[in-house]
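**Q** Here's a structure for you.
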Amino acid sequence: MAEADHGDGGGVRQATEVVVNGVAQGLRSLDDAVAWFSGLSPAHRETVLRDVAGYAMQAHITPADGREGVLRSGVKPTANPAVMVCLDPPRYGFHRLPPDEHVRAFRVLVSVFAVADARRRETYCKGACGHPWHRLPAPAEGL
Ligand SMILES: [Zn+2]
């Protein structure tokens, strides 16, 4: 899946949607998603962090979601990305963190998004909704 990754990052953005929503919907483990993220180039990691921050923003994460997500993420609550996500309102500039914080930022963001998205799927999206990413097929091999 690394092919054609030197252009605008479109393939990465599509993969991000599948991987992150897969974690949120229990189809994929966080460690599996982190392994995918770790294999990306630094530039693509920044793209992913920006996109996932956008998902979190759209899911209207709260400081309580932040704390629960941080607990699930396995990242120390004192780490920069964990502190940022628990602020009210959260700070979303995760892609501007130094590269050695990127994996922790990804863990935290995906975990917090999963908490907020679970609530949305139980309320607003209950029954049927128009979000294509809430109707993911079972994970495909290798993505
Ligand atoms: Zn939905």
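**Q** Among the residues of segment 96-133, write down those that are among the β-branched types (V, I, T) and away from the ligand (no atom under 14 Å from the Cβ). Can you show your working first?
**A** Step one: of segment 96-133, the residues among the β-branched types (V, I, T) are 103, 108, 110, 112, 115, 123.
Across segment 96-133, the qualifying residues are V103, V108, V110, V112, V115.
**Q** Assuming G26 fulfils every condition listed in (1) closer than 19 Å to W133 by Cα; (2) loosely packed, with under 13 Cβ neighbours inside 10 Å; (3) touching a residue at least 40 places away in the same chain (Cβ under 8 Å) apart from one, which condition is it?
**A** If we test G26 against (1) closer than 19 Å to W133 by Cα; (2) loosely packed, with under 13 Cβ neighbours inside 10 Å; (3) touching a residue at least 40 places away in the same chain (Cβ under 8 Å), just (3) comes out false.
**Q** Where in segment 1-104 are the helices (runs of 4 or more DSSP H), entirely inside, with at least 1 residues that are touching a Pro at 6+ places or on another chain (Cβ under 8 Å) and small (G, A, S)? Quick ask: steps written out before the conclusion?
**A** Numbers: elements: 10-24, 30-38, 42-58, 63-73, 80-86.
Of the helices (runs of 4 or more DSSP H) lying wholly inside segment 1-104, those with at least 1 residues that are touching a Pro at 6+ places or on another chain (Cβ under 8 Å) and small (G, A, S) span 10-24, 42-58, 63-73.
**Q** Is there any pair with a first residue in segment 60-89 that is over 11 Å from A116 (Cα atoms) and a second that is among the acidic types (D, E) whose Cβ atoms are under 7 Å apart and which are 6 or more apart or on different chains, and what are they?
**A** N80/E101; P81/E101
**Q** In the set R50, R13, which member is at pLDDT below 95 and either within 21 Å of H134 (Cα to Cα) or open to solvent by less than 40 Å² (accessible area, probe 1.4 Å) (or both)?
**A** Residue meeting the stated conditions: R13.
**Q** Search segment 101-128 for residues that are open to solvent by 40 Å² or more (accessible area, probe 1.4 Å) and pair each with any residue that is within 11 Å of the ligand (Cβ to nearest atom) and modelled with pLDDT under 95 when their beta-carbon atoms are under 7 Å apart and the residues are at least 6 apart or on different chains.
**A** Pairs that qualify, where the first residue is open to solvent by 40 Å² or more (accessible area, probe 1.4 Å) and the partner is within 11 Å of the ligand (Cβ to nearest atom) and modelled with pLDDT under 95, are R120/A59; R121/H134.
**Q** If you check L136 against the conditions, is it free of Cβ contacts under 8 Å to residues at least 40 places away in the same chain and either among the aliphatic types (A, V, I, L, M) or farther than 23 Å from L40 by Cβ (or both)?
**A** no
The values are calculated or read from the model by the stated rules, or taken from the named source; none is laboratory data. Just so we're clear, the structure is a prediction, and the values are computed from it rather than from any experiment. Cβ sites come from the backbone with ideal geometry, for glycine too, and all protein chains shown count toward neighbours. The accessibility values were calculated without ligands, DNA or RNA, using every heavy atom of the protein model including side chains. Shrake-Rupley method; radii C 1.70, N 1.55, O 1.52, S 1.80 Å.
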